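Here is the structure we will look at.
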2 protein chains.
Amino acid sequence: MTRRVTIADIAAAAGVSKGAVSYALNGRPGVSETTRTKILAIAAEMGFVPNRAARSLSVSSAQAVGIALRRSARTIGIEPYFMELISGIEATLSAGSFGLTLQIVGTVEEELEVYRRWWAERRVDGVFLCDIGTSDQRLDFIADLGLPAVAVGGPIEGARFPAVWHDDVEPSRDILEYLYTLGHRRVARVAGIPGLLHTAIRDKAYDDTAADLAFESVTTVHSDYTGEQGAQITRRLLSSAKRPTAIVYDNDVMAVAGLGVAHELGLEIPEQLSLVAWDDSQLCRLTHPALTSLTRDIPAYGAKCAEVLMSLIGAATETAPKSTETRAFSVQCKPAQLSPRGSTGPAQT
Amino acid sequence: MTRRVTIADIAAAAGVSKGAVSYALNGRPGVSETTRTKILAIAAEMGFVPNRAARSLSVSSAQAVGIALRRSARTIGIEPYFMELISGIEATLSAGSFGLTLQIVGTVEEELEVYRRWWAERRVDGVFLCDIGTSDQRLDFIADLGLPAVAVGGPIEGARFPAVWHDDVEPSRDILEYLYTLGHRRVARVAGIPGLLHTAIRDKAYDDTAADLAFESVTTVHSDYTGEQGAQITRRLLSSAKRPTAIVYDNDVMAVAGLGVAHELGLEIPEQLSLVAWDDSQLCRLTHPALTSLTRDIPAYGAKCAEVLMSLIGAATETAPKSTETRAFSVQCKPAQLSPRGSTGPAQT
DNA sequence: GAGTATCGCTTAACCGGATAAGTAGCGTCA
DNA sequence: TGACGCTACTTATCCGGTTAAGCGATACTC
C-alpha cells in the first residue's frame, strides 16, 4: 500500500516550494531549466500523478466527459453500436487522459436529471448526446445549462452545439436503387423508432427515392429496434398476400431476427427473399447467408465525436493540438457504404 | 447559463456560516432542527448540488468506481455480456449516486497502468476486475496498490479481495448429461480463451463429467470468443470424419456463428446437429431455430458485484445500508440454468 | 451561586493543486 | 552608486467542500 505522492513531497525532496514544483510540472515559466529538469526527474522517480480532485477544484475542469444511454438493461447489450462508439470515443480521450463516465438511464427525465447533476457537480466537462430525436428537448436543456455537448447524429437545424453525423439520404437511395436493379419491385422497410431524427431522415429519403423509381410498393413499418419486433414485423410482412421480395432493416439486430424468421418460414435466402441490414457489425457476418449491409466505421465515428467535444472543451488531443482557436463545428462523416453479401440477390420472377 | 450554487451562497442566504450549512446538509449534529430545516429548504430551493471535486478533496473519496475492459474496438460490441453487466452495476451505483468510469484497453500492461493512474489520481474508489485468469497478475497488483476491488468471476483461492462468481461445474454437468440423455455420444465444445479461469473450470468439469458417462468422444477446442473463430472451428469440426452430433459453445456469439456454418453446410438443426450456447443473450432467441442456452441473469450479477464493491468501499446502497460493519466477502451466485430451445434434439441414429 | 456540561453556532485549518503577488539576488546602465 | 529590470524563486490565496477546535449562552448539578 504505497502512499500517494503530492507536490508537497516533491517540493520537499527538491528543496523548493510547492509553487515552483507546479510551475515546473506544467511547463510554465517561472523556474530555471536546471531546476525544472531536477523537479521533473524527482517527480518521475517518485511516481507523481496529480490528484484529480485537487486539480479539478483549482482549474474548474473535471477532466472527464460523460455519456448517458437510454436503454433497458436487457436491450442495451444486444446492439453492438454503443460499445463500438464508446470504444472509438475512448481512443481519442485516452490521448488527452480524459475519463469517460457512463450512465445508463431509463427515461428522458432521468437523463436530463443526470445531465443537471453532472453539470452541478462539475463531474464532467462535456457530454455526448445519442439517439437525437426530431424534436429533442435535451438540446435546449443542455445548451441552457451551458454544458458543452456534441450531438452524435444530425444534422440539426439551428443547433446550439456541434453535431457529428452521417448523411443517410445517399445510402437510402443506394439501397433502393440496388434492390431495384436486382429486379425487386415490392420492398419493405423495418424502420427504427419513429421519433428519432435519422429514422425521419431515412423515411423521407426512401419516399423520395421510391417516387423516382417504378416500384410496385415500398412500405415502411416502424419498430423499437429490438429483435422481438424485428421478428414479429417480418413474420407479418411475409404472411401478407403480396409479400415483399426484399426487406431492409434499420439495424443489424432486427435483420438477424428477420433472417431467423425467413428460415423459420422455409424461405430460401436470397432466392425467395433479399435482406439488407443498416449498420454493419460482426453480427451480419455470423449468419448464413451473411447479411448485405450498410457499413460505416463506428469506432472512427466515435473518435470523431470525441475530437469535436474535446476541441469544444478546449482540451488538447493528439489529432487536434491544443490552442488552435478554431471553434468546433458540426462535422459530416463519410456516408455508409453498401456491402453486398449473400443475403441479397435477383428477385424471383 | 445558470451559476452553480455553493454552500457559501446557502450560508449567506440563511444567515449562518459555511460550517453550519455543511452540518445541516450532511445530517450531522451541530445545528438545531429549526436551522437544519431552514437550511435544507434554502438548499433545495436554490438547487444546490455539491461540487464533486471539493468534496472528494476533503473526504478523499472519488464517489466513483471504475471498470477497465480489455477488448479491441471491433470485438467489444458484439458480446452483449459487458453492456448487461454494466447496466446491472449502474442500477446499484445510481442508488448511491456513484459514478462509473469506463476505460477500454488493449493489453494487460495498459490495464495495469490504468489502475495505477486511477489510484494515484484518486479518480475511483474501487474497480471491477473482469476476465479473471487462472494466474492473474492483476490480482496482486491491485491488492498491493490497496485499491478496493471485486473480481467479476471466481472462485479465487487465497484472494485478497472478494470475488462474485457463478458455479460453472454444475451447468457443465447439466449440459453433458442433457446431451447424453438425448443420445449424443460424440460431443464437441468450442471453449473460450484458455487462460481464463472459468474456461479452466469448465474444461475440468467437462472432463470429469465425460469420464462418468459412456461418451464416444468429448473434444474441446479453445478459441478467442469471436464469431470468426467460432465459425472456423465449427467448420473444421463438422468436416471431420467422425463429426460430432452436438456442439457446445462457451458464449452466444460463437454459437450463432456455429449455427450459420451449420446452415451453410446444409445441416438440419437439430435433426443432424444439436447446438448449445453458454450465456443466454437475446442473440440466442433471434436465430432459427432458437439456441438452447445456459441462462443467467447478467444484470443481476452486475448489481451484485456493485453491491459487494460498495460495501467494500464502505458506501451506502439501498440493498446494503451504510454502517453494518460486515466485511465484504466473496459471493457465489445461482448457477446458470439450461434453457432448452429448438437447437437441441435427439441424436440421429 | 459557582462550576460545568451541553447546545448551537462560528472560526479556522485542511485536502492538493493552480496562480497572482511579492521579493531576494543579480546584472545593467546612466 | 543608486535606480531599474529581470530572473528565479517564495509566499499567500483561492477553489468548495469537511471538520476539529473555540466560544458564548443556556441548563443542570451540587
*Work out Dmax and Rg for the stretch B:122-274 from the C-alpha atoms and quote the Rg first, both in angstrom.*
18.1, 58
_On the Cα set of the stretch B:210-349, report Rg and Dmax in Å, please._
19.6, 63
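Under the rule of -39500 (n - 2.57) per DSSP H run of 4 or more residues, summed and divided by the residues of the protein assembly as shown, what mean residue ellipticity at 222 nm is obtained, to the nearest 500 deg cm²/dmol? Present the calculation step by step, with values, prior to reporting the outcome.
Values: 28 runs with 312 residues, N = 698.
Using -39500 (n - 2.57) per qualifying helix, the result is -13500 deg cm²/dmol.
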_Ranked B:VAL127, B:VAL114, criterion: other C-beta atoms within 10 Å, fewest first_ = B:VAL114, B:VAL127
*How many angstrom lie between the C-alpha centres of the stretch B:176-219 and the stretch B:274-318?*
22
*Can you give me the Cα centroid spacing of the stretch B:225-240 and the stretch B:139-160 in angstrom?*
34
*Provide, as a two-decimal number, the C-alpha radius of gyration of the stretch A:233-277 over 2.2 N^0.38 Å, N being how many residues it has.*
1.00
*With axes computed from alpha carbons, what is the tilt in degrees of helix B:298-313 against the longest principal axis of chain B, rounded to the nearest 10 within 0 to 90?*
40
*Jot down the per residue volume, in cubic angstrom and as a whole number, of the convex hull over the alpha-carbon atoms of the stretch A:1-68.*
114
*asked:* I need A:PHE128, A:PHE141 ordered by Cβ neighbour count within 10 Å, fewest first.
replied: A:PHE141, A:PHE128
_Inside 10 Å of the C-beta atoms of A:288-298, what's the mean count of C-beta atoms belonging to other chains?_
2
*Identify which of B:ALA64, B:ALA11, B:ALA143 has the largest mean-square fluctuation in a Gaussian network model of chain B, with springs joining Cα atoms closer than 10 Å.*
B:ALA11
*Fraction of the pair-distance distribution of the stretch A:244-317 above 22 Å, Cα-Cα pairs, percent*: 38
*If one takes the longest principal axis of the Cα atoms in chain B, at what angle in degrees, from 0 to 90 and to the nearest 10, does the Cα axis of helix B:108-121 lie?*
10
*Across the stretch A:233-247, in residue order, what do the Karplus-derived ³J(HN,Hα) couplings come to in whole Hz, using 6.51 cos²θ - 1.76 cosθ + 1.60 with θ = phi - 60° and x for Gly and Pro?*
5, 4, 4, 5, 4, 7, 8, 6, 4, 9, 6, x, 9, 8, 10
_Long-range amide H partners of A:GLY133 with built H, under 5 Å_ = A:LEU197
*Pair-distance profile P(r), taking every C-alpha pair of the stretch B:87-128, with 10 angstrom steps and integer %*: 25, 48, 25, 1
*For the stretch A:189-279, what does the alpha-carbon gyration tensor say about shape, rounded, prolate or oblate, given a ≥ b ≥ c as the root eigenvalues, a/c under 1.5 as rounded, and a/b over b/c as prolate?*
oblate
_Please list, ordered by chain and number, the residues whose modelled amide H lies under 5 Å from the amide H of B:THR295; skip anything fewer than 5 residues away on the same chain._
B:GLN337, B:LEU338, B:SER339
*For B:VAL331 and B:SER60, calculate 0.36 nm times their separation in residues minus their Cα-Cα distance, and state this gained length in nm to one decimal.*
94.8 nm
*Out of A:ALA205, A:ALA53, A:ALA246, any idea which swings most in a Gaussian network model of chain A, alpha carbons joined below 10 Å?*
A:ALA53
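Just subtract the alpha-carbon distance of B:ASP212 and B:ALA143 from 0.36 nm times their residue separation and send over the number in nm, one decimal. Kindly include the intermediate steps, with their values, before the conclusion.
Working: separation 69, 0.36 × 69 = 24.84 nm, distance 3.97 nm.
That pair, B:ASP212 and B:ALA143, stretches by 20.9 nm at full extension.
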*P(r) of the stretch A:132-182 over all Cα-Cα pairs, binned every 5 Å from zero, in whole percent*: 5, 18, 22, 17, 10, 9, 8, 6, 3, 2, 0
*Take chain B, connect every pair of alpha-carbon atoms lying under 10 Å apart with a spring to form a Gaussian network, then pick out the residue of B:ARG52, B:ARG185, B:ARG28 with the largest mean-square fluctuation.*
B:ARG28
*Report the residues of the stretch B:217-257 in range of a label on B:GLN348: point 7 Å along Cα→C-beta, backbone N strictly under 12 Å from it.*
B:243-246
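Hey, could you grab the Kirkwood Rh for the stretch A:1-149? Inverse mean 1/r over distinct alpha carbon pairs, Å, one decimal. Let's see the in-between values first.
Details: mean 1/r = 0.0551 Å⁻¹.
So the Kirkwood estimate lands at 18.1 Å.
Among A:SER22, A:SER240, which comes first, second and so on when ranked by fewest other beta-carbon atoms within 10 Å? Please report the intermediate quantities before stating the final value.
Numbers: A:SER22 18, A:SER240 11.
In increasing order of surrounding Cβ atoms, one gets A:SER240, A:SER22.
I need the fraction of alpha carbon pairs in the protein assembly as shown separated by more than 48 Å, rounded to a whole percent.
22
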_Principal axis extents for the stretch B:33-121, Cα atoms only, whole Å, descending order, please._
57, 29, 18
*Helix A:252-264 vs. chain A, principal-axis angle (Cα, 0 to 90°, nearest 10)*: 30
_Cα centroid separation, the stretch B:16-59 to the stretch A:1-60 (Å)_ = 33
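Between A:SER72 and B:SER339, what is the FRET efficiency for a Förster distance of 22 Å, r being their Cβ-Cβ separation, to the nearest 0.05? List each step's numbers first, then the result.
Values: r = 20 Å, r/R0 = 0.91.
Efficiency, rounded to the nearest 0.05: 0.65.
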*Using amide H atoms built 1.01 Å from N in the peptide plane, name the residues 5+ places from A:THR220, or on other chains, whose amide H lies under 5 Å from its own.*
A:ARG189
*asked:* Would you report the distance distribution of C-alpha pairs in chain A as whole percents per 20 angstrom bin, up to the bin with the largest distance?
replied: 27, 45, 21, 7, 0
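None of the figures in this text is laboratory data; all of them are computed from the coordinates on show. The structure presented is a predicted model; accordingly, all values stated were derived computationally and were not measured. Glycine gets a Cβ as well: all are built from the backbone with ideal geometry, and neighbour counts include every protein chain shown.
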